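Below you'll find the structure, written out as structure tokens, and then a few comments.
The values are calculated or read from the model by the stated rules, or taken from the named source; none is laboratory data. Just so you know, these numbers come straight off a predicted model, no measurement behind them. Please note: Cβ atoms are built from the backbone with ideal geometry, for glycine as well, and neighbour counts cover all protein chains shown. Keep in mind that these areas ignore ligands, DNA and RNA; they rest on the heavy atoms of the full protein, side chains included. Shrake-Rupley method; radii C 1.70, N 1.55, O 1.52, S 1.80 Å.
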Amino acid sequence: MNYYLDIETTGLDPLHSKIITIQYMELDEDTAKPRGPLKILKEWESDEKTILKKFMEIFRPGNDWVFVPIGFNLNFEHKFFWQRCISNSLEPFDIFNRPFLDLHTVAVIMNRGSFKGSGLDKITNKPSSGKNIPKLYYEKNYTEIESYIKKEAGEFSIFCSKLYEELPALLNKLRSSGL
């Protein structure tokens with residue numbers, strides 16, 4: 001099954017920053033539209049180790065196809081999952097050692113190969129980059145963090161489902177032109 005996957009953190013350095021949320025949502029395999037609710041594991045309701053363990057139970061059931069992560073710049077999530085597991089005395093897991101889809105590559109191609117201007121907040125109606133999340137976390141403004149997460153997941157879902165809708169026609173066009 002395909003799942004939208006994202007995290008929020010207290011900074012950009014996985015060694016010194018922590019994961020404060022892990023969010024995921026099942027996506028329809030044909031349309032990429034949500035098939036279920038957005039689930040948010042919140043560090044402030046328990047601790048980082050607990051949300052990592054809960055996520056690992058869902059992510060590592062023994063079948064790589066049960067949870068296929070689809071995200072935007074999944075390298076960020078990968079680095080954080082790996083290091084924060086080590087920091088919490090958990091066995092690290094590799095989200096790249098299984099099927100996955102990273103839509104940031106598509107955004108860069110859509111942006112004529114330029115990384116600058118290819119962020120989700122630049123190509124969708126996502127309101128901001130998320131750089132304000134650590135400040136909101138330290139202010140304990142959890143409601144605002146959750147609101148941001150819901151908007152981001154919604155914009156990602158719209159972007160992903162639009163790609164699922166439009167790209168098959170491009171494939172057919174390329175095939176019919178002999179490429």
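General observations
- For residue 20, nonlocal amide neighbours, meaning residues 5 or more places apart or on other chains whose placed amide H falls under 5 Å from its own, are 8, 9, 10.
- Theoretical FRET efficiency, 1/(1+(r/R0)^6), r = Cβ-Cβ of residue 112 and residue 16, R0 35 Å, to 0.05: 0.50
- Percent carbon-and-sulfur accessible area, the range 60-133, ignoring ligands, DNA and RNA, probe 1.4 Å: 51 percent
- Solvent-accessible surface (1.4 angstrom probe) belonging to residue 60, in square angstrom, nearest 10: 100 Å²
- Translational diffusion of the range 1-42, estimated by Stokes-Einstein from the Kirkwood radius over alpha carbon pairs at 20 °C in a medium of 1.002 mPa s, is 189 µm² per second.
- Qualifying trypsin sites (Lys or Arg not before Pro) in the range 107-136, DSSP loop, other Cβ atoms within 10 Å at most 12: 112, 116, 131
- The structure shown yields volume of the Cα convex hull per residue in Å³, and of the options (i) 223; (ii) 125; (iii) 172 that calculated value carries the label (ii).
- Solvent-accessible surface of the chain, averaged per residue with a 1.4 angstrom probe and all protein chains in place: 56 square angstrom.
- Full-stretch length increase - residue 29, residue 94 - with 0.36 nm per residue and alpha-carbon distance subtracted: 21.2 nm
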